Every structure is written in C-alpha cells, then in structure tokens.
Amino acid sequence: MAAIRVVVADDQAAVRDGLVALLSVTPGVEVVGEAADGAAAVAAAETLRPDVVLMDLRMPGVDGVEATRLIGESAPDVRVVVLTTHADDASILKALRAGATGYLTKESGRAEIARAIEAAASGQSVLDDGVTAILLAAAVDVPPSVDLTPREAEVLTLIARGKSNTEIAEELFVSAATVKTHINNLFAKIGVRDRAQAVRYALRHGLD
C-alpha cells in the first residue's frame, strides 16, 4: 500500500519541524511538503497534491480556516486535518464548515495524529474527544431541515462521534448491513456524500 502523502502547515518553525520529524517515523506516512502560512499551504496542496494537509489555524496572512476553504475549491481531492491549540467551539465550527475533515488539538499524540491522517485519507472524519464534547454541547445553528427517523438520527450522532460501522452496529445491537442501510438513507436525506460531510451536518445542527 502506498504511503499517505502529507503536507505540514504551521507558522512556528519549531512546531513544524517537530511534526515533520514525528510523521517521518510514522509507518505509512510520507511528508512531501511544508508550509509556513496558509497561502503556502494552498499552493502546496495545488502543486504537490498530497492526500492530507495537516493544518494549523492561526497563521499570518491567509489563516488555516481560509486556507482550508481555498483548498476545497482548488484541490477538492486533498483532505485537511486541523491540528491546533485552539479548541473553542467557534474555531472548530469555522474549520469544519470550511471543509476540514478532522480536528485535533496539539495535545494529541502520534497515534492520534496518525489515525486522523489515515481516516482523512480514506474520507472519514476524526475529532478528538475534547473537540467532540465541545461541539455536541454547543447546540448550534438551526434544527435539522429534513426529517430523520429516530434511528437515523442516532446513527448520525454516532458517526459524528467517530464511530465505525462495526462499532455502531455493536452499540445499537443491529447488523453491519442494517447500519449501512441507515447510513445510505440518511446520507440521501441530508444530501451528503461521505462521513466527513455527515459529521459537519451533525455538528451544524447540534445533534447529540
């Protein structure tokens, strides 16, 4: 299996160097570029076409949120995982609405970062536990605009908490095939294509 190609974007050289060193010894991950600000991150995404950009939020000029949005427009196949010291609900929501697939704080260890990168590369979303707790407590925006069945809403909430199909099946005491059917139905109802988009929908509507 080919290594997951990653660009590291952080304006602090020491942090960026540390992340590059960390990921360089992480199995299955290859660092293909670095960026010291959001504009450089967008340029790297467009030219290098990595699988994942590991993105800081607070950077000079073009910040991480705007860079994430721009990457979504110019290189939609590139996933963005936010790695930042900022875990307030406003920062998290801005990043997810801009198109971030994952959101971690810089307290995350190598295993958590590697898991988020791997999940993002396969189109899944990963939020660390602290981030999930903040968002599910926020009760943001407006009620869902479509009518989900109670079971579909339950499945969507579990997806937002980072559960796999197998874990959802075990928690709900149903088969994996039943979970897949619920997911297909709710994806069609809310108009999303993958789990990352479903997570953003759930968080926007405060599903808990």
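Set side by side, the residues G72, G64, G109 differ, and just one is under 19 Å from V6 (Cα atoms) and touching a residue at least 40 places away in the same chain (Cβ under 8 Å), which is G64. Would you mind stating whether G123 is surrounded by fewer than 19 Cβ atoms within 10 Å (Cβ to Cβ) and either within 17 Å of V29 (Cα to Cα) or in contact (Cβ under 8 Å) with a residue 12 or more places away in the chain (or both)? For G123, the condition - surrounded by fewer than 19 Cβ atoms within 10 Å (Cβ to Cβ) and either within 17 Å of V29 (Cα to Cα) or in contact (Cβ under 8 Å) with a residue 12 or more places away in the chain (or both) - is met. Applying the condition of being open to solvent by 50 Å² or more (accessible area, probe 1.4 Å) and modelled with pLDDT of 95 or more to region 38-60 and asking which residue is nearest to I117 (Cα to Cα) yields D51. Scanning region 28-59 for residues that are within 17 Å of L104 (Cβ to Cβ), free of Cβ contacts under 8 Å to residues at least 40 places away in the same chain and among the charged types (D, E, K, R) yields a total of 0. If you go through region 180-195 one residue at a time, do you hit one that is at pLDDT 80 or above, more than 28 Å from D77 (Cα to Cα) and in contact with a helix residue (DSSP H, G or I) (Cβ under 6 Å, 6 or more places away or on another chain)? No, the conditions are met nowhere in region 180-195. When L83 is tested against (1) among the hydrophobic types (A, V, I, L, M, F, W, C); (2) assigned to a helix (DSSP H, G or I); (3) touching a residue at least 12 places away in the same chain (Cβ under 8 Å), only condition (2) is not met. Filtered by the rule that a residue be among the hydrophobic types (A, V, I, L, M, F, W, C) and within 14 Å of V81 (Cβ to Cβ), region 1-21 gives I4, V6, V7, V8, A9, L19. Take T68 and decide whether it is open to solvent by 40 Å² or more (accessible area, probe 1.4 Å) and either within 19 Å of Q12 (Cα to Cα) or not in a loop (DSSP other than H, G, I, E, B) (or both). So T68 fails the test. Out of curiosity, is V7 surrounded by 24 or more Cβ atoms within 10 Å (Cβ to Cβ) and among the hydrophobic types (A, V, I, L, M, F, W, C)? The answer is yes for V7. Evaluation of L156 against the conditions (1) at pLDDT 80 or above; (2) surrounded by 15 or more Cβ atoms within 10 Å (Cβ to Cβ); (3) closer than 30 Å to V15 by Cβ; (4) in contact with a helix residue (DSSP H, G or I) (Cβ under 6 Å, 6 or more places away or on another chain) shows that the sole unmet condition is (3). For region 19-37, taking the residues that are surrounded by 14 or more Cβ atoms within 10 Å (Cβ to Cβ) and small (G, A, S), the one that is farthest from Q124 (Cα to Cα) is identified as A36.
The values are calculated or read from the model by the stated rules, or taken from the named source; none is laboratory data. Note that the structure is a prediction, hence the values are computed from the model and not measured. Note: ideal-geometry Cβ built from the backbone for every residue, glycine included; neighbour counts use all protein chains shown. All accessible areas refer to the heavy atoms of the entire protein, side chains included, with ligands and DNA or RNA removed. Shrake-Rupley method; radii C 1.70, N 1.55, O 1.52, S 1.80 Å.
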